[in-house]
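The values are calculated or read from the model by the stated rules, or taken from the named source; none is laboratory data. Note that the structure is predicted; figures quoted are calculated from it, not measured. Backbone-built Cβ (ideal geometry, glycine too); neighbour counts: all protein chains shown. Note: areas computed on protein heavy atoms with side chains; ligands, DNA, RNA excluded. Shrake-Rupley method; radii C 1.70, N 1.55, O 1.52, S 1.80 Å.
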Amino acid sequence: MAERQIIDARGSFCPGPLMELIARLKFAQVGEEFEVLSTDQGSANDIPEWLNKVGHQLLGAREEAGVWHIALRKMK
Amino acid sequence: MNILIVGGGMGGTILANNLARRLAPELRAGKAHLMMLSASDKHMYQPGLLYLALGRMTPDELYRDQASLLEPEIEFYVDPVEEFQLDQNRVKTKSGKTYGYDILVIATGSRPVPEMIPGLAENAETFYTEQSALKMFKRLQTFQGGRVVIAVGVPHKCPMAPLEITFMLHDYFKDRGIRDKVQLHYTYPIGRVHSLENVAKWATPEFDRLGITYETLFNMKEVDGKNRVVKSEEGTEARYDLLITIPAHKGMEIVEKNKLGAGGFIPTDKVKLTMEGRPNVYVIGDTTNIPISKAGSTAHYQAETLGENIAAIVKLGAPVRDHDGKVFCFIECGKDRATYAMFNYTTPPDPKAPTKAVHWFKMAYNKLYWASARGLL
Ligand SMILES: Cc1cc2nc3c(=O)[nH]c(=O)nc-3n(C[C@H](O)[C@H](O)[C@H](O)COP(=O)(O)OP(=O)(O)OC[C@H]3O[C@@H](n4cnc5c(N)ncnc54)[C@H](O)[C@@H]3O)c2cc1C
């Protein structure tokens, strides 16, 4: 199994964590895993909501020292 | 010290001129050598395409000869790179030549790829190339009313363009006296109308005021031209009479072919601007995978940091500063008002109410850009 890839979107105001994730998934293979690092509180809601709508798998979300770590798998 | 810059667009040109000035004594004494390889003998001011699509600029205004923008000390060839042989510190070009370097800078930009979405290229208008902007201009001229849908692919360069084209279309149709016959419907990939929260906060009531409808979490999946419907990854649909899109982008094909980065975007350190695992290879502009706006302004500020650092490597043996991620983007809010967003890695933007003065400053910048490319501004 390939290593989980980190998308370090800490301090990214534009395009921001969700946009960055959408872009990276476009060029990824089904089954690849990612962990988004975000300092934007909104990401904790936005990213899981979007994953759910589109049908990718949320593997976990936790906050550590002001940084959100959101893990997911590309499903299609 | 051999410095090789690949790409003569916004980032590459500003960097080359910046370095030519900083390293003038070393270049004259033969202690440093500065070369640029590009894919075209012309330099396009891409932001002008937005105006071209609405008949407010003409194609000839968008171009200058690349050689005329460069300081004479820069050795310049139109000979696109085909192979990056990074282990050997050299590149191979289309003409079959190889060029060695001590320091390499990759600034080859990005390009819209409508083909990633089935039905998009055949059924949608866009303004991200000269040809497509001219086509959109002609289509708009004959459009007499109906539902106009704006849809945005990710990633794309110029984060302000989706809002700008929407506000400008509002004024365009108003001026033609048909705004009441046109329904403008804006869609956006994430959960608000712009990636910058403060910009979204300002733009949403503007849309309400102007009667522009909007829908968020909308990522194009396919375009059904027969039924004139654009479908989203999220399972929704938008019916259109005229579909205007900003297609998702990739980096240059050559970057993908050489396996430098997925989608043609090169993994890059956001403060050092070095390519991951390659301390003598730098990447600036749209080609990086840094989570920062793909904008000329981004490339400009990166080029200034890198110019200072490469000159310091030549003169002092080490770089002198980290890049702060500065971006400054104008936002056209119609035909005669504009505002701007300025931010960096640590400070979010705080856009002000649009004014005529900022619009005229942008109009002036459209001309001043050539001084900026020469490294004078
Ligand atoms: C419609 C539109 C509106 C925009 N508006 C704005 C705006 O208002 N503000 C703003 O800041 N930005 C704006 N932008 C974005 C801006 O133009 C780009 O982000 C900017 O040009 C990126 O600079 P760059 O140097 O990375 O790439 P580019 O300027 O695209 O240059 C890439 C260069 O690489 C060369 N090249 C390509 N392949 C090779 C190869 N194999 N070998 C050698 N050379 C190669 C090309 O010939 C070109 O010279 C806009 C863009 C568009 C399309």
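What the table below lists for this structure:
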quantity	calculated
Shielding score for A:6-13, defined as the mean number of other chain Cβ atoms within 10 Å	6
Buried area at the A-B interface (accessible, heavy atoms, 1.4 Å probe, summed, Å²)	2100
Separation of the B:ASP224 and B:THR142 label points, Cα + 7 Å toward Cβ, nm	2.6
Which listed pairs, of B:LYS226/B:LYS356; B:LYS92/B:LYS221; B:LYS174/B:LYS226; B:LYS94/B:LYS335; B:LYS315/B:LYS367, have C-alpha distances above 31 Å, in listed order	B:LYS226/B:LYS356; B:LYS92/B:LYS221; B:LYS94/B:LYS335; B:LYS315/B:LYS367
222 nm mean residue ellipticity, helices alone, for chain B (DSSP H n ≥ 4; -39,500 (n - 2.57); rounded to 500)	-9500 deg cm²/dmol
Protection-proxy order for peptides A:38-47, B:289-298, each taking the mean of Cβ atoms within 10 Å per residue, highest first	B:289-298, A:38-47
Interface residues, the stretch B:154-180 - accessible area loss of 50 Å² or more versus chain alone, probe 1.4 Å	B:VAL154
Directionally averaged shadow of the stretch A:5-73, computed from the convex hull of its alpha-carbon atoms, nm²	4.1
Label-reachable residues, the stretch B:91-128, where backbone N falls under 16 Å from a point 7 Å from B:ILE178's Cα toward its Cβ	B:125
Neighbour net charge for A:GLY31 - beta-carbon separation under 12 angstrom, K R +1, D E -1	+2
Highest average packing first - B:149-159, B:172-182, Cβ atoms within 10 Å	B:149-159, B:172-182
Spacing of the two label points (7 Å from each Cα toward its C-beta) at B:PHE328 and B:ARG209, in nm	2.5
Potential extension, B:ARG239-B:ASP41 segment - 0.36 nm per residue separation minus Cα distance	67.1 nm
Peptide A:24-35 - average C-beta neighbours from other chains (10 Å radius)	3
Rh (Kirkwood; distinct C-alpha pairs) - chain B, Å	21.6
Rounded to 5, percent antiparallel among DSSP beta bridges of the protein assembly as shown	55
Inter-chain shielding of B:196-206 (mean C-beta neighbours from other protein chains, 10 Å cut-off)	1
Förster radius 45 Å - calculated FRET efficiency between A:GLN57 and B:ARG321 (Cβ-Cβ, nearest 0.05)	0.60
Size of charge dipole - the protein assembly as shown - debye, nearest 20, with Cβ of Lys, Arg +1 and Asp, Glu -1, no other charges	760
The stretch B:113-248: antiparallel DSSP beta bridges as a percent of all, rounded to 5	35
Packing-based order for B:39-48, A:61-70, A:12-21, using average beta carbon neighbours within 10 Å, highest first	A:12-21, B:39-48, A:61-70
Per-residue ³J(HN,Hα) for the stretch B:27-42, Karplus 6.51 cos²θ - 1.76 cosθ + 1.60, θ = phi - 60°, Hz, x for Gly and Pro	5, 5, 7, x, 7, 9, 9, 10, 10, 10, 10, 9, 9, 8, 8, 10
Residue-averaged 222 nm ellipticity for chain A, from DSSP H runs of 4+ at -39500 (n - 2.57), nearest 500	-9000 deg cm²/dmol
Among beta bridges that DSSP assigns inside chain B, antiparallel share in %, nearest 5	50
